[in-house]
Amino acid sequence: MALCPVFAVTTTQSPQGWRDDGARLVSDKMDLPNSGEFSGLLFASQIFFITMMHNIRSRESYDSAKQKKISRKMSKQNGFHVVTPLLESTGMSKRIGTTVYLKMESSQPSGSFKIRGIGYKCQNVASLNKSKGVICSSGGNAGMATAYAARKLKLPATIVLPSSTPELVAQKLKDQGATVKVVGKVWDDANAEALRLAESEDLTVIHPFDDPLVWKGHSSIVHELKASLPSKPGALVVSIGGGGLFCGIMDGLDEVGWGDVPVLCMETMGADCLNAALKSRSLVTLPDITSKATCLGAKTACQQAFEYSKRPNVISEVVTDLQALEAMELFLDEERVLVELACGASLAAVYSGVIQRLQEEGRLPKPLDSLVMIVCGGGSVNLAQLQHLQAVIRK
Ligand code: PLV
């Protein structure tokens, strides 16, 4: 590629760095050329202009060809998810005295991180060319990711929801072309029905959290963090339902050599199956899901999540629905993004002072290098749903 000269018009006070970068300085104090020198300069600048236009044009076609190649490669590697923004939160950083980064999974096409793992799993199912269709039991978001990926892959999708899932979800799923069934009160009931239907109708099960392929898809979050963070994070915060997101994060941390980063697992009271398992030192099945954060409402965590939670760098904390709701509201106010109560559980780690308490207890370093919040998002929320939660939680 031909090098194109760069002329920088600036004042003599401009930083020396310009010249160090190879730009030629044209000072506003330079002597004006005489007429002979001037026509020579004009001719030179015409040649320069033509060369520059040629370079720009060939650069453009080079860039678009390169871009197409990257896009093709990305769509093969990344499936249906997008690389989400990593934002610095001034409000949260001020609260805990260290830089807080928000990994905005709320920006995913299906509304949450779920599309990473579920998209990857569905691609895998489609590539085997044997499936008559997929079936997923879900509190909402796994279903939305399945319906989205299945539509793109032209696979029929059935989503089984418990009655605790907000009504707006069923309509969103139907809009994606999925068949929707509402069975039982909580996710575990819907899951039993999904397994039965899979058997009787010969459908492929897409598990919302207990599948290594789903974890592999979720682990892409950490690879993106590695590519954009200036250094290893001080700690990471994640919401726990059945533990699929957590498993993906732990796999990813190991893969990038960040296996020792403290990971804070957040649950709501009444959907705290991982915390209960840690206390009992074995997997526990909760008698019921009493939290309104229904997307965290698996009665039993997956085995791998329990194994990972035993690591010394993993901390498990539980907040109330009210703390998660207040976090949701503050986040909407400060960051202008509406997320689900399930995500509010993570945000409450900062807004409810959990981080500061853990630092005082010596369980998290003080000062903390930086904190990464996985803003898991969630599509089962709108203004009416927020108002409903405010009414039932504050009653
Ligand atoms: N939700 C699952 C499981 O529900 C679902 O079917 O959608 N944050 C959000 C917004 C979620 O939707 C979920 C899971 C989680 C966090 C927790 O992820 P997990 O289950 O992988 O730990 C019952």
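The values are calculated or read from the model by the stated rules, or taken from the named source; none is laboratory data. Predicted model only: the values in this text are computed from it and were never measured. Note that each Cβ is placed from the backbone with ideal geometry, even for glycine, and that neighbours are counted across all protein chains shown. Calculation scope for accessible area: heavy atoms of the full protein, side chains included, ligands and nucleic acids excluded. Shrake-Rupley method; radii C 1.70, N 1.55, O 1.52, S 1.80 Å.
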Looking at segment 108-142, which of the residues that are among the polar types (S, T, N, Q) and assigned to a helix (DSSP H, G or I) is farthest from the ligand (Cβ to nearest atom)?
-> 127
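List the helices (runs of 4 or more DSSP H) inside segment 291-395, counting only whole elements, that have at least 1 residues being of a type in the set (Gly, Ala, Ser) and buried (at least 19 other Cβ atoms within 10 Å of the Cβ).
Working: elements: 303-309, 321-335, 341-351, 354-360, 383-393.
In segment 291-395, 303-309, 321-335, 341-351 are the helices (runs of 4 or more DSSP H) which contain 1 or more residues that are of a type in the set (Gly, Ala, Ser) and buried (at least 19 other Cβ atoms within 10 Å of the Cβ).
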Residues located in segment 185-218, provided they are free of Cβ contacts under 8 Å to residues at least 40 places away in the same chain and among the hydroxyl-bearing types (Ser, Thr, Tyr) = 200
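For segment 256-281, give me each residue that is part of a helix (DSSP H, G or I) and touching a helix residue (DSSP H, G or I) at 6+ places or on another chain (Cβ under 7 Å). Please lay out each step first, then the result.
Restricting attention to segment 256-281, the residues satisfying the condition of being part of a helix (DSSP H, G or I) are 256, 273-280.
Passing the criteria: 256, 274, 277, 278.
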Could you please give the count of residues in segment 191-218 that are more than 16 Å from the ligand (Cβ to nearest atom) and touching a helix residue (DSSP H, G or I) at 6+ places or on another chain (Cβ under 8 Å)?
-> 2
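Return the residues of segment 251-269 that are open to solvent by 10 Å² or more (accessible area, probe 1.4 Å) and either without any contact (Cβ under 8 Å) to a residue 60 or more places away in the chain or of a type in the set (A, V, I, L, M) (or both); say none if nothing qualifies.
Narrowing segment 251-269 to residues open to solvent by 10 Å² or more (accessible area, probe 1.4 Å): 251, 254-260, 262, 269.
Scanning segment 251-269 gives 251, 254, 255, 256, 257, 258, 259, 260, 269.
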Given (1) within 14 Å of the ligand (Cβ to nearest atom); (2) closer than 22 Å to residue 107 by Cα, residue 153 misses just (1)
Only one of (1) touching a Lys or Arg at 6+ places or on another chain (Cβ under 7 Å); (2) not in a helix (DSSP H, G or I) is not met by residue 145, so which one is it?
-> (2)
Test result for residue 169, open to solvent by less than 10 Å² (accessible area, probe 1.4 Å), over 30 Å from residue 262 (Cα atoms), within 12 Å of the ligand (Cβ to nearest atom) and in contact (Cβ under 8 Å) with a residue 60 or more places away in the chain = yes
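Condition check: touching a residue at least 60 places away in the same chain (Cβ under 8 Å) and open to solvent by 20 Å² or more (accessible area, probe 1.4 Å). Does residue 226 satisfy that? First the steps, then the outcome.
Values: touching a residue at least 60 places away in the same chain (Cβ under 8 Å): no; open to solvent by 20 Å² or more (accessible area, probe 1.4 Å): yes.
It is false that residue 226 is touching a residue at least 60 places away in the same chain (Cβ under 8 Å) and open to solvent by 20 Å² or more (accessible area, probe 1.4 Å).
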Residue ID - farthest from the chain's Cα centre (by Cα), chosen from residues in segment 330-387 that are within 16 Å of the ligand (Cβ to nearest atom) and among the β-branched types (Val, Ile, Thr) | 381
